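The values are calculated or read from the model by the stated rules, or taken from the named source; none is laboratory data. Everything numeric in this text was worked out from a predicted model, so none of it was measured. Cβ sites come from the backbone with ideal geometry, for glycine too, and all protein chains shown count toward neighbours. Note: areas computed on protein heavy atoms with side chains; ligands, DNA, RNA excluded. Shrake-Rupley method; radii C 1.70, N 1.55, O 1.52, S 1.80 Å.
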Amino acid sequence: MILSIESSCDDSAIAITEIATNKLIFHKKISQEIEHSIYGGVVPELAARLHAEALPKILQQCEPYFKDLKAVAVTTAPGLAVTLIEGVTLAKAVSIALDIPLIAVNHLVGHIYSLFIEKEALFPLTVLLVSGGHTQVMEVKGLTDIKTVSKSMDDSFGESFDKVAKMMGLGYPGGPVIEKLAKEGDRKRYDFTVPLLRTQKFAFSYSGLKNAVRLAVEKAEKKDYKDIAASFEHIATKHLLHKLKKYFREHPPKNFAIVGGASANIYLRSQIKDIIKPYNATIILSELQYCSDNAAMIGRVAVDMYKKKIFTPLEKLEIAARTEIL
Ligand code: KG4
Ligand code: ZN
């Protein structure tokens, strides 16, 4: 079995995955949403202190499996430096204590593998990753063959939901609250401009839309917030669809997946199905419980890395708060 640790942002999570079967034997996650909510976003220093408290508590529950562990995996990048280090330090301690090798996992590869928890991996795969930190499209041919073909020039899709929620005083994370509010609103009431409509560039941008929403919120009354939320969600999604549609014309997908915390968004999930239809492609979505950050996805990557013997020596294992994949 492999023990995997995730602490790249505001979720402290540990999982145990069986190497031969991909079976998830144990998974526990302690989220810090309530603690960060009053600040309208993640406070890194607070997040680090909460990880230092939560991770050893979860690790204690894994003790019955210690004798079965063949490796310890940990997210080393990308993420908040001060929170990644909490997971990495714990992983090193486990590696020394149990005399087992370390596996350094990229968090974005983790999100891709959230599709394969308790399953076999499936490639080739065109992936849209929409999280709090990233909005990018990747062509994935295998564990070590991942190419980013497009990404956001500024804010990410999920982050724009967080910022809109903050403007409305609705706390953090913004995705679920804005989605809920949007359900009651009129998607057509606010005519926000779709970002990057006039450029051929295959890229994403959310800062302009965010500022347009800010102006609308400033002028609006509270009763209008649901219409702003609905119109914002509609345009934010339309932007993704517009860019993907163009890309698919030249690069028809065989298998298409959406991953990351914001892939839980039901409006996005339903709309994406329509643009895939002409290609007869298979759509793969991760289970809702594995869309947001978790250690099961890190463990699933680690199983494939273990089989390929991709280990990192203890003295070389360090965090890299880089955003580029692999
Ligand atoms: O993948 P994740 O848990 O963390 C990162 O790696 O960033 O994603 C968290 C992000 C947050 O920005 C959150 O607001 C967004 O995903 N999110 C959503 C929804 N659920 C979570 N965004 C839109 N709609 C949702 N239902
Ligand atoms: Zn994530």
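Each of Gly87, Gln61, Gly41 was scored by the projection of its Cα onto the charge dipole of the stretch 24-101, and the greatest displacement toward the positive side belongs to Gln61; charges sit on the C-beta of Lys, Arg, Asp and Glu. Selection among Ala229, Leu170, Ile276 by position relative to the dipole of the stretch 125-285 gives Ile276 as farthest towards the positive end (Cβ unit charges, Cα centre).
Shown here for the stretch 1-74: chymotrypsin sites (Phe, Trp or Tyr not before Pro) in loop regions (DSSP other than H, G, I, E, B) with at most 16 other Cβ atoms within 10 Å, namely Tyr39.
Just to verify a number: what accessible area does Thr237 come out at with the full protein assembly present, 1.4 Å probe, Å² rounded to tens? Thr237 has an accessible surface of roughly 0 Å² with all protein chains in place. What does the net charge come to around Met167 if you take all other residues with beta carbon closer than 15 Å to its beta carbon, with K and R at +1 and D and E at -1? Its environment carries a net charge of -1.
Here the stretch 254-326 and the stretch 115-157 have alpha carbon centers that stand 6 Å from each other.
Principal-axis analysis of the Cα atoms of the chain puts helix 44-61 at an angle of about 50° to the longest axis. Taken over the alpha carbons of the chain as equal point scatterers, the Debye sum produces base-10 log I(q)/I(0) values at 0.06, 0.08 Å⁻¹ of -0.21, -0.37. Loop-resident GluC sites (Glu not before Pro) (DSSP state other than H, G, I, E or B) in the stretch 166-226 with no more than 13 further Cβ atoms inside 10 Å of their Cβ: Glu184, Glu221. Treating each Cα of the stretch 125-285 as an identical point scatterer and summing with the Debye formula, the log10 of I(q)/I(0) at q = 0.10, 0.14, 0.15 Å⁻¹ comes to -0.35, -0.67, -0.76.
Could you give the angle, 0 to 90 degrees to the nearest 10, between helix 174-183's Cα long axis and the longest principal axis of the Cα atoms of the chain? It works out to around 40 degrees. Here the chain carries DSSP beta bridges of which approximately 60% are antiparallel, counting only pairs with both residues inside.
For the chain, the longest principal axis of the C-alpha atoms and the axis of helix 296-307 are separated by about 50°. Apolar share of the accessible surface for the chain: 53 percent from carbon plus sulfur atoms, 1.4 Å probe. Heavy-atom accessible surface of the stretch 98-155, averaged per residue, reaches 35 Å², computed with a 1.4 Å probe.
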